[in-house]
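Visitor: Here's a structure for you.
The values are calculated or read from the model by the stated rules, or taken from the named source; none is laboratory data. Small disclaimer: the values here were computed from a predicted structure and weren't measured. Glycine gets a Cβ as well: all are built from the backbone with ideal geometry, and neighbour counts include every protein chain shown. Just the protein is used for accessible areas: all its heavy atoms, side chains included, with ligands, DNA and RNA removed. Shrake-Rupley method; radii C 1.70, N 1.55, O 1.52, S 1.80 Å.
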Amino acid sequence: CEYCRQGLGNHCPNRKVLGILGKDGAFADYVTLPVANLHELPTSISNLQAVFVEPIASAFRILEQVDTGPNDKVAVLGDGKLGLLVAQVMAGTGCELTAIGRHPEKLEILAKKKIKTRLVHEGPHQKFDLCVDCTGSPKGLELALDLVRPMGKIVLKSTFAGGERLNLSPLVVNEVVLLGSRCGPFKRAIEALQDGAVEVTTMVAKVYNLEEAIKAFGLASKKGVLKVVLDMT
């Protein structure tokens, strides 16, 4: 179609979620997928690490959309799983990075990697060239609009539905660029795991056998839990 001819296949109106719509989920005994959907993993990457490939790829999508370097002041908003991954990917650009969140114990994961962190209510109230919203909340975009400098950029990773009101006047008055961002390159995500550029195992709260799936979902639904893994072997 016209989208695919222009290299916009990821937004093709005829796509079926990369060929998986209507198929059995990964808990089925057998799963079929298009061969193009498969990515061979190096033996150095464990299954525990591999479950993070998709969100890491989503983080690398930002670097395809925005040029970022050592002269840029960047804020990553949100300390959930995606925020922690995005912060690690952005740190690889050499930018002046600050990760902002609400939970000291989660931000500590980044602090151990020498990434500057701060809580939402802490100062100084500086302005950033780029803000990446990974909060999953409309409040995150409000915060980004408050923190971004005039003629700066906001990358919106959060997806949220609801009828909350949002004042977009600062977007116009300050001539801020707002970019939506979604799926990204698996190849770069796999390379980042292989090189150790992104650390993920500390985000796993617990690993369950498939027979304990109900318990696993119960733990995953609890506030503050970043990742729960089902061992299919």
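Visitor: What number goes with the only condition from (1) open to solvent by 10 Å² or more (accessible area, probe 1.4 Å); (2) touching a residue at least 60 places away in the same chain (Cβ under 8 Å); (3) out of contact with any strand residue (DSSP E or B) (no Cβ under 6 Å at 6 or more places or on another chain) that residue 65 does not pass?
Guide: (3)
Visitor: Need a quick list: strands (runs of 3 or more DSSP E) entirely within the range 149-233 having at least 3 residues that are touching a Leu at 6+ places or on another chain (Cβ under 9 Å) and under 25 Å from residue 102 (Cα atoms). Please lay out each step first, then the result.
Guide: Numbers: elements: 177-180, 204-209, 227-231.
Correct list: 177-180, 204-209.
Yes/no per residue for (1) touching a residue at least 24 places away in the same chain (Cβ under 8 Å); (2) open to solvent by 60 Å² or more (accessible area, probe 1.4 Å); (3) touching a Cys at 6+ places or on another chain (Cβ under 6 Å); (4) among the aromatic types (Phe, Trp, Tyr):
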position: 148; (1), (2), (3), (4): yes, no, yes, no
position: 159; (1), (2), (3), (4): no, yes, no, no
position: 168; (1), (2), (3), (4): no, yes, no, no
position: 171; (1), (2), (3), (4): yes, no, no, no
position: 179; (1), (2), (3), (4): yes, no, no, no
position: 191; (1), (2), (3), (4): no, yes, no, no
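Visitor: Something else now. Which of the residues that make up the range 110-125 are open to solvent by 30 Å² or more (accessible area, probe 1.4 Å) and out of contact with any Lys or Arg (no Cβ under 7 Å at 6 or more places or on another chain)? Reasoning before the result, please.
Guide: Of all residues in the range 110-125, those open to solvent by 30 Å² or more (accessible area, probe 1.4 Å) come to 111-114, 116-117, 119-125.
Listed by number, the residues that qualify are 111, 112, 113, 114, 116, 117, 121, 122, 123, 124, 125.
Visitor: Here's something else I'd like to know. Confirm whether residue 136 is open to solvent by less than 50 Å² (accessible area, probe 1.4 Å), more than 28 Å from residue 38 (Cα to Cα) and at pLDDT below 95. Steps first, please.
Guide: Details: open to solvent by less than 50 Å² (accessible area, probe 1.4 Å): yes; more than 28 Å from residue 38 (Cα to Cα): yes; at pLDDT below 95: yes.
For residue 136, the condition - open to solvent by less than 50 Å² (accessible area, probe 1.4 Å), more than 28 Å from residue 38 (Cα to Cα) and at pLDDT below 95 - is met.
Visitor: Something else now. Out of curiosity, is residue 82 under 26 Å from residue 185 (Cβ atoms), modelled with pLDDT under 95 and open to solvent by 40 Å² or more (accessible area, probe 1.4 Å)? Walk me through it before giving the result.
Guide: Values: under 26 Å from residue 185 (Cβ atoms): yes; modelled with pLDDT under 95: no; open to solvent by 40 Å² or more (accessible area, probe 1.4 Å): yes.
Judged against the criteria, residue 82 is not a match.
Visitor: Right, another one. Pairs needed: first member in the range 124-145, in contact (Cβ under 8 Å) with a residue 40 or more places away in the chain and basic (Lys, Arg); second member anywhere, open to solvent by 30 Å² or more (accessible area, probe 1.4 Å) and not in a loop (DSSP other than H, G, I, E, B); C-beta distance under 7 Å; at least 6 residues apart or different chains.
Guide: 127/149
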